[in-house]
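Notes follow the structure.
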Amino acid sequence: MPYVERYALDRKINETREAIAEANKIEDESLRMVMASELEVRLSELLKESDALEVATSKETVALRIYGEKVQTGRVSSRILLAALSGFQSMVDSVANAMLHSPTARGKIPETIKDMTSFEVVGTFAGSFGITLERQNMQCGLSATSPELTQVLDEVFTVLEVTDNSELLMSTIAPLGKRTVGHYRQWLDELRENEVNLELNWTDNAANKRNMRIIKEKSPAIISTLDAIDKIDQDEVALKGVLNGVNLRNHTFEISVDGVGIIKGTSKIETLIAASDKLGSTVNAHLIKSTSTAKTGFQKMTWYLSSID
């Protein structure tokens, strides 16, 4: 595992640097130069290995495998391929927009979001037809959390994995806004119309793996749940309360408001970082309240923190 490799490599680098420091204390000049020279060469090799490991683990890889009766090994129609790729890209874009910008229903997605979610096609594979996508994590992030794209893909897979529990699906996807609901439904519909299944294998920047399948037989039930989301109303709300906590890794916050109770929700990381020094203090929070209503009358309320002062 890369984390184990990283730890072992860092330990070797530190030990070599300590050995160099000790070698420089040797009084015999000839011996000191020989020892230090050998250790410097070793350190240089270890640092090169460290750089190579950093490059190898600083990317997100998603393998999409399209299969079904209409897909031959190593061959697929351009229409089916386009449906699979465009559906995946639209889902990633809309989820990223909801998490890092705001859960909008329409309008242009910021170029910064689209730049971050742009994948490159790096290869194809058989069984029945597969395509491999990669995206380098060029940014170090604004904190010590996972790269933003990793968090976005984690949320995408969380939505896709909820297939058999309609209430859980509704509560999971509703905070991501109407745009995400619409793109997910369209993606499922196109895959179903083309009578194909889709397998997604994701390897994140730490080489952790995640796998799920979109099975055409299950699509009608999922679409029915998405259609049951009658509407998602979004209102801008200003509330005054005590900031109980923020979680940079999960992009979440918690505020206690008199007369309302505890409000939990999501926000973009820049907002949460700015709010971190206000923990335990009374703040004025500007929020977007999203209320999703099912045709059965069931309602789910979620919160998005736009800014805080």
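The values are calculated or read from the model by the stated rules, or taken from the named source; none is laboratory data. Computed from a prediction, not measured in an experiment: that's the story for all the values here. FYI the Cβ positions are ideal-geometry reconstructions off the backbone, even for glycines, and counts take in every protein chain you see. Quick note on the areas: whole protein, heavy atoms, side chains included, nothing else; ligands and nucleic acids left out. Shrake-Rupley method; radii C 1.70, N 1.55, O 1.52, S 1.80 Å.
Brief remarks on what is shown
- Counting only residues at least eight positions apart within a chain, or on another chain, the aspartates and glutamates with an alpha carbon under 13 Å from that of Lys300 are Glu167, Asp230, Asp233.
- Remark: the stretch 157-239 carries a charge dipole of roughly 260 debye about the Cα centre, counting +1 on each Lys and Arg Cβ and -1 on each Asp and Glu Cβ.
- Seen from a random direction on average, the alpha-carbon convex hull of the stretch 254-309 projects onto 4.3 square nanometres.
- Column: log10 I(q)/I(0), Debye, Cα scatterers of the stretch 200-304, q = 0.14, 0.23 Å⁻¹: -0.78, -1.11
- Shape call, the chain: gyration tensor on alpha carbons, a/c limit 1.5: oblate
- Seen through its C-alpha gyration tensor, with square-root eigenvalues sorted a ≥ b ≥ c, the stretch 5-126 comes out prolate because a/c lies at 1.5 or above while a/b is bigger than b/c.
- In this structure the stretch 148-199 gives 35 Å² per residue of accessible area when probed at 1.4 Å with all protein chains present.
- Set Lys59/Lys268; Lys114/Lys264; Lys231/Lys289; Lys48/Lys209; Lys114/Lys178; Lys114/Lys216 screened for pairs whose C-alpha atoms are more than 24 Å apart: Lys114/Lys264; Lys48/Lys209; Lys114/Lys216
- For a straight C-alpha distance cut-off of 20 angstrom, the lysines reachable from Lys218 (same-chain residues fewer than eight places away being disregarded) are Lys70.
- Around the Cα centre of the chain, unit charges on the Cβ atoms of Lys, Arg, Asp and Glu (plus for the first two, minus for the last two) sum to a dipole of about 1160 debye.
- Compared with the dominant principal axis of the Cα atoms in the chain, helix 29-56 is inclined by about 10°.
- Top positive-direction residue, dipole computed over the chain with Cβ charges, set Thr252, Gln136, Met33: Thr252
- Excluding exposed DSSP-loop GluC sites (Glu not before Pro) (at most 13 other C-beta within 10 Å), longest clean stretch of the chain: 70-194
- Expressed as a whole percent, the accessible surface of the chain that belongs to carbon and sulfur atoms is 50, based on a 1.4 Å probe.
- Given charges at Cβ of Lys, Arg, Asp, Glu: the chain dipole, positive-most of Met99, Thr203, Leu82: Leu82
- Using a probe of 1.4 angstrom and keeping all protein chains present, the accessible surface of the stretch 60-121 works out to 49 square angstrom per residue.
- The slack between Phe298 and Arg17, meaning 0.36 nm per residue of separation minus the straight C-alpha distance, is 94.9 nm.
- Looking at the stretch 63-191, the pairs of alpha carbons with a distance over 21 Å make up 45% of the total.
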